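Remarks on the structure that follows.
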Amino acid sequence: MDSNTNFHDLTARSKYRYELALEYGISVRTIYRWMKKANFNIPHGLIDPYHLRKIYKEFGNPGDKNLPE
């Protein structure tokens, strides 16, 4: 994913966790670990645009190299 991608473009629609994992190039289990570590309490199922903005703000643009561990 282009590192210049706008957060608004990334959060234009709800997404499943597997879609988010694909964007970051990691597993769904890692997404759950990141959210747990960041104390995000996001409902199961689709992640709505509001929560996606919080996730992207916390973890950065999926195209960036400096991702959490």
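Please treat every number below as a calculation from the coordinates, not as lab data. In this text, all values refer to a predicted model and were calculated from it rather than measured experimentally.
Multiplying the residue separation of Arg29 and Lys54 by 0.36 nm and removing their Cα-Cα distance gives an extension gain of 7.1 nm. Once the gyration tensor of the Cα atoms in the range 16-69 is diagonalised, the equivalent ellipsoid follows with semi-axes of 15, 12, 11 Å, ordered largest first.
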